[in-house]
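In what follows, a structure is listed as C-alpha cells, so that the remarks can point back to it.
The values are calculated or read from the model by the stated rules, or taken from the named source; none is laboratory data. From a predicted model like this one, the values you see are computed outputs, not experimental measurements. As a convention, Cβ positions derive from the backbone with ideal geometry for all residues, glycine included, and neighbour counts pool all protein chains shown.
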Amino acid sequence: MTRRGLLIILSSPSGAGKSTLAKRLRAWDQDIRFSVSATTRAPRVGETDGKDYHFVDETSFKRMVSDREMLEHAHVFGNFYGSPLGPVSDAIETGHDVLFDIDWQGAQQIQKSPLASSVLSIFLLPPSISELRRRLESRGQDSDEVIAKRMNRSWDEISHWDGYNYVLINDDLDHTESRVKTIVTAERLRGSQQPSLVDHVRQLQAEFEAQP
C-alpha cells in the first residue's frame, strides 16, 4: 500500500450541490467508494440489501451503536440510520477513499471517531439564500411545504460551516468540481496518508550512512 485512504465528507444545506458533486467525484475516480449506511427502515421497491442500505432490525442497530461499531448515527422520522465502522476502516487501511454525503451532525461524529486522522471534510455554501431557494424549486421534486422545511433547516446547516477543513462557495458547479478534485488530490499526498514514506526515508538514511 502506497497510501492510506481518505474519509471524504461532503456536506451542505439541501440544494447547495453536495449530491451532484458526490456523483461527479465518483465518476472522476471510480475507485472512490460510497459509504453504504445501515437503517432500520423497511426496504423500498427496487432497493437491494448491501447495495442501497444494510437493512437491520432495531435491536441489531442499537447493539452496533453500543459496541461502537458505528462511525455516526441518527434517528430520523422514526427510523435509525448510521454508517458501519468496519467496512470504512477496512477500505481506508487498504488504500481506498470512502465518500460520505452527510449533514453536519454526522460529520461531527465522524471527526471524533477512531478514523478522525483520515478525515477530509468539505462544506459547500450557496452563493445566496435566494439562489438556494431557486435551486430547490427548480428541481421539481418537493412540495412547497417540503421546500419550506428545507429552507428553514438550511441556516442550521450553514451555521456549522466553520467545523470543516475546506469551505467552498458553489456559485459555479464546474468550477467547484475542479476545486474539490484539487483538494482531494492534494490531501492524498499528506505525509500521514503515505505510510510507505517511512520505509523510503529509512532506505535513504541507510544509503547516506553507507557512503564512503
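Summary table
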{"read-out": "Single residue of segment 34-73 satisfying the filter (loosely packed, with under 10 Cβ neighbours inside 10 Å and under 23 Å from the mean Cα position of the chain (by Cα)) that is nearest to L21 (Cα to Cα)", "value": "K51"}
{"read-out": "Where R3 falls short, out of the listed (1) exposed (fewer than 14 other Cβ atoms within 10 Å of the Cβ); (2) in a loop (DSSP other than H, G, I, E, B); (3) of a type in the set (K, R)", "value": "(1)"}
{"read-out": "Positions within segment 124-134 being surrounded by fewer than 18 Cβ atoms within 10 Å (Cβ to Cβ) and assigned to a helix (DSSP H, G or I), in sequence order", "value": "I129, S130, E131, R133, R134"}
{"read-out": "Count - residues of segment 136-174 that are surrounded by 12 or more Cβ atoms within 10 Å (Cβ to Cβ) and either more than 16 Å from D101 (Cα to Cα) or over 16 Å from the mean Cα position of the chain (by Cα) (or both)", "value": "17"}
{"read-out": "Matching residues, segment 13-38, being among the polar types (S, T, N, Q) and either at positive phi or not in a loop (DSSP other than H, G, I, E, B) (or both)", "value": "S19, T20"}
{"read-out": "Breaking point among (1) surrounded by 14 or more Cβ atoms within 10 Å (Cβ to Cβ); (2) out of contact with any Phe, Trp or Tyr (no Cβ under 7 Å at 6 or more places or on another chain), for R26", "value": "(2)"}
{"read-out": "Test: residue in segment 121-141 that is under 26 Å from E58 (Cβ atoms) and touching a helix residue (DSSP H, G or I) at 6+ places or on another chain (Cβ under 6 Å)", "value": "no"}
{"read-out": "Residue selected from segment 173-204 under the condition among the basic types (K, R) and in a helix (DSSP H, G or I), by the criterion farthest from S12 (Cα to Cα)", "value": "R202"}
{"read-out": "Selected residue (criterion: farthest from the chain's Cα centre (by Cα)) from residues of segment 175-205 that are of a type in the set (A, V, I, L, M, F, W, C), loosely packed, with under 12 Cβ neighbours inside 10 Å and more than 20 Å from S121 (Cβ to Cβ)", "value": "L204"}
{"read-out": "Looking only at segment 66-123, and only at residues there that are part of a strand (DSSP E or B) and at pLDDT 95 or above, the one that is nearest to W161 (Cα to Cα)", "value": "F123"}
